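Data block below; observations after.
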Amino acid sequence: MPRTTTYTQWIALPPERLWAVLGDPARWPDWNPAVTAVTLHAAPGVGVTGDYLPRGRVNEAVHGRLAAPFTIATFVPERELTLEQPEPAGLMRLRWTLTPRDGGTELAQRLTFSGGSAALARKVVGQLLQTDAHTCFARLARLAGLRPVEDALTVVIAGGTGALGRTLAADLTCRGQRVRILTRRAVPELPYAQFEWDGRSVGEWVTALRNPGRTAVINLAGKLVDCRPTARNVAELRRSRVDSTQALVDASKTLERPIDYWVQASTTAIWADAGEIRCTETTPLPDPGLPQMTGVAEPWERAFQGEGGGAGANATHWTILRTSIVLDPDAPAMKRLVSLTKAGLGGSVGPGTQWFSWIHLDDWLGIVRAALGLDPTVELPNGIVVAATDFPVRNRELMAALRRQLRRPWSPPTPAAALAIGAVFLRTDAALGLTGRHATSEVLRQAGFRFRYPTLDEALTDLLPERVNKGK
């Protein structure tokens, strides 16, 4: 049965401005680097055919020689454009829609594969066309003439080349904010100003923080936690977070005026394996806790706050964002859960009673915007904020929901011993699956923040590929 994957983004432009770019398929390569060339056989309109070349030497050679032309199936100016590309034993259908919303436009990209080759085409072509979709939307917005709003923040994102950082940078850009990236190695294809740093010391990159207008810092820098919990790896996890945070704090103290908004990343894993404790912003930390969790997150937060417990950073408004698992279809954790479930390994892990606290990507972005003062309906106080929905689930409920969404049958539980052995071969940490915590936010509740996806089923329905009826 056909499946559709959808990406959406609100952009601070009217539909007609976006359509000036989107409505001309020949400009597709200008905003999506996965496409190297498009040739139309006539002016855009329903029934017009054309050819496109996907990026990559092999893809270009095979597709350019063997693929049939695509056809424009729908063409509604300022509203909708659909391309249908024949695939061997199947069809790719790519649709973009523009919907006026809240003073801007919601852009949706829906990619559907059908037929006998759907699974293979989705894996090869689909992943290519959807890579870094939100950054593509930011490029499209800029080509359509989007510029920073009059009172725009200059948002400096440390760790902005990671998956979460890229999505955040695109979201802020599409909303008219000015984005700068601190990175150890510049990524040429990213459409943002980039400043190289070593993540350890103050250097020339501090100029990114010196702006005539309002400035914000979002610190996401740090090594991924998906590694074996050896003493060496734990030390590297801690060092990558503490050193980069300390460098930012030291840099802020060289400025003539404070940073206006600072969002400091942290994690709900700071509570390690919390059992049945209901964790909120005021819950004490375990002593000592697991070294790869509490032992990393506690000094990470302390590097920002300083030894006195207040903000060591030179910032007026600040938030320590203890983030739970972010449900994002492009994140490694989500991809692993989905692939295991599809492979028939979607049973509960260990006892299955461990708590799983989570948040949908869109809600995480909303919390960050609130922490930057960009949501007029939500005002967050300085301090710790837990980024997690009000409805954590147990591991067995998580796996059951994944099986339900992916149409997979019941799977036997994975014993803790088997997970520990598998973690060695996968070079990951078994504790990531065997521990858990029930974490929710009292601060967000009191501030009136409303989750767009409060329940797990709502979140997974939005994030996972949607089954499409043949007549749809």
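Tabulated values for the structure
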{"item": "Some residue of region 140-162 being open to solvent by less than 50 Å² (accessible area, probe 1.4 Å), in contact with a Phe, Trp or Tyr (Cβ under 8 Å, 6 or more places away or on another chain) and in a helix (DSSP H, G or I)", "result": "yes"}
{"item": "Scan of region 203-223 for residues that are small (G, A, S) and over 17 Å from T167 (Cβ atoms), ordered by number", "result": "G203, A208, G213"}
{"item": "Residues of region 232-255 classified as touching a residue at least 40 places away in the same chain (Cβ under 8 Å) and open to solvent by 40 Å² or more (accessible area, probe 1.4 Å), total", "result": "6"}
{"item": "Condition check for V156: at pLDDT below 95 and under 22 Å from L372 (Cα atoms)", "result": "no"}
{"item": "Residues of region 368-400 satisfying the condition of being open to solvent by less than 50 Å² (accessible area, probe 1.4 Å) and either in a loop (DSSP other than H, G, I, E, B) or within 14 Å of L340 (Cβ to Cβ) (or both)", "result": "L372, G373, D375, V378, L380, A388, T389, P392, N395, L398, M399, A400"}
{"item": "Yes/no for V424 being out of contact with any Cys (no Cβ under 7 Å at 6 or more places or on another chain) and open to solvent by less than 30 Å² (accessible area, probe 1.4 Å)", "result": "no"}
{"item": "Entirely in region 38-115, the strands (runs of 3 or more DSSP E) that have 3 or more residues that are under 30 Å from T173 (Cα atoms) and touching a residue at least 60 places away in the same chain (Cβ under 8 Å)", "result": "90-101, 104-115"}
{"item": "Of all residues making up region 21-44, the number that are out of contact with any helix residue (DSSP H, G or I) (no Cβ under 8 Å at 6 or more places or on another chain) and of a type in the set (D, E)", "result": "1"}
{"item": "Breaking point among (1) outside any loop (DSSP other than H, G, I, E, B); (2) open to solvent by 30 Å² or more (accessible area, probe 1.4 Å), for A208", "result": "(2)"}
{"item": "Filter result for T435 (at pLDDT 95 or above, on the phi < 0 side of the Ramachandran plot and hydroxyl-bearing (S, T, Y))", "result": "yes"}
{"item": "Pick from region 1-35, criterion surrounded by fewer than 17 Cβ atoms within 10 Å (Cβ to Cβ) and free of Cβ contacts under 8 Å to residues at least 40 places away in the same chain, ranking: farthest from T461 (Cα to Cα)", "result": "A26"}
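The values are calculated or read from the model by the stated rules, or taken from the named source; none is laboratory data. Note that the coordinates shown come from a computational prediction; the quantities given were computed from them, not determined experimentally. All Cβ positions, even for glycine, are placed from backbone atoms using ideal geometry, and neighbour counts span all protein chains on display. Quick note on the areas: whole protein, heavy atoms, side chains included, nothing else; ligands and nucleic acids left out. Shrake-Rupley method; radii C 1.70, N 1.55, O 1.52, S 1.80 Å.
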